[in-house]
1. What is the extension gain from residue 2 to residue 17, computed as 0.36 nm multiplied by their sequence separation minus the C-alpha to C-alpha distance, in nm to one decimal?
2. Between residue 191 and residue 216, how high is the FRET efficiency from 1/(1 + (r/R0)^6) when r is the Cβ-Cβ distance and R₀ = 22 Å? Nearest 0.05.
3. Among 79-88, 204-213, 267-276, what's the highest-first ranking by average C-beta atoms within 10 angstrom per residue?
4. Of the cross-linked pairs 147/250; 90/376; 34/114; 203/387; 126/325; 205/250, which ones have a Cα-Cα span greater than 24 Å in the structure shown?
5. May I ask for the angle, rounded to the nearest 10°, between helix 332-344 and the longest principal axis of the chain, with both axes built from Cα atoms and the value confined to 0 to 90°?
6. Under 18 Å Cα to Cα from residue 2, which lysines show up? Leave out anything in the same chain fewer than 8 places away.
7. Provide the per-residue ³J(HN,Hα) series for region 351-360, in order, calculated from phi with Karplus coefficients 6.51, -1.76, 1.60 and θ = phi - 60°, each as a whole number of Hz, with x at glycine and proline positions.
8. So how tilted is helix 282-291 from the main axis of the chain? Cα-based, degrees 0 to 90, rounded to 10.
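No lab work stands behind these numbers, since they all come straight from the coordinates. Owing to the predicted nature of the structure, the values given are computational and were not obtained by experimental measurement. Reconstructed Cβ throughout: ideal geometry from the backbone, glycine too, with neighbour counts over all protein chains shown.
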Amino acid sequence: MKIEAIRVKEITDSRGEPTIEVELKTSDGSFVAKIPSGKSRGANEVCVLSPAEASKKAGEIKKEIQDKDFETIENLDRFLIDLDGTSNKKQFGGNLILGISIAFSRALAAAAKKEPWQILRQEFFKNVSDEPPVIFSNLINGGAHAKNNLNFQEYLVLARPINSVEETISELKDFYKNLGVALKKEYKLENIPLGDEGGYAPKFKSNLEPLLFLNKQIESAGLKNKFLLGIDAAASEFNKEGDYYFEEKKISREELREVYIGYFAKLSALYSIEDPFAEIDETGFKSLMKVMPEKLIIGDDLTTTNTEIIANCASNGLINGVIIKPNQIGSLTETCAAINMAHNRNLKCVVSHRSGETDDSFIIQIAKAAGVYGVKIGAPVSHRLPKFEELIRLYV
């Protein structure tokens, strides 16, 4: 397939920040990809170009691919990666390369009269489960995603579709709405501030309190057998020079580990924790895995959708789950390789949105193609609603 034109347009993400939309033109029509930005970023993520830079570089790429015929996603991605020639996509930007990669996959799907997930599965995945993924929905925001006093970035409900995805999402929407009502009543609020991902963001007495509140609401709603709890600690955000600054105190990794152990002991519904320690603190991850191997301990800033890092973390016993964010690595080929690496190492994969999100729902196509354990979407509001709708459509 030949690419006739590449256009980059500046758009805004869910936080009102600039990001890019990439459009490819082929003989079959025009195909678009909108790329999220992301506020909390791991140190090993690929470079991101500004919309103006991406537009300029798109012209350079178009000259290089003039008259070239690409048969697969990997053909195109490898060409772009080699053309960039840097380890972190500094030349052409992971956001631009990923936008071209996703738009091209949509073009291939249209030409074959298939869904993009079918193209991805055919090219990259084998022996895939079609079981619906667990939905990780961020309902209370803190940390870098909110203007409150919480250290932890996200408080999540984990919803496993039992009867149907549609029913589960309906339950999540109702739960989110009722949670807002309950928070207003409990904390005597006229209006509840929202975080970057649409989760509620009032002030709490401690980092444990939102978990207790969510657990109480789950039990009151009769959802105890359907919903679990999760935390995205994003601990790099409250780590400085090896120490953690938690609830206005300086504590060690050992003390922070004891905090987590205490939380899990108090709440049987608490199942997952993401980035419990800073991305440079491998010792912290390993120590938590040793005492709680039955819980889901997930790397995100730690792993950055990088196959080599994921392999090392799995081999060293740091994690048993991994977040997959395509724009951390910057191409579909590398994203799919990261998923395969994780699955080969028996890690649970959670394909995730970003804090600065768009209404593009392609991550759901990736999740379907790869048969991953979970999808992380955020609260069922605004830019994230198309992803919930895509889940329903693909898992009818």
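1. Length difference between fully extended and current span is 2.2 nm.
2. The pair residue 191/residue 216 has a calculated efficiency of 0.50.
3. Descending mean neighbour count gives 267-276, 204-213, 79-88.
4. Cα-Cα > 24 Å for 90/376; 203/387; rest within.
5. Tilt of helix 332-344: around 50 degrees.
6. Candidates past the 8-residue exclusion: 25, 62, 63, 68, 113.
7. 6, 10, 6, 10, 5, x, 9, 10, 8, 5
8. Between helix and principal axis, roughly 60 degrees.
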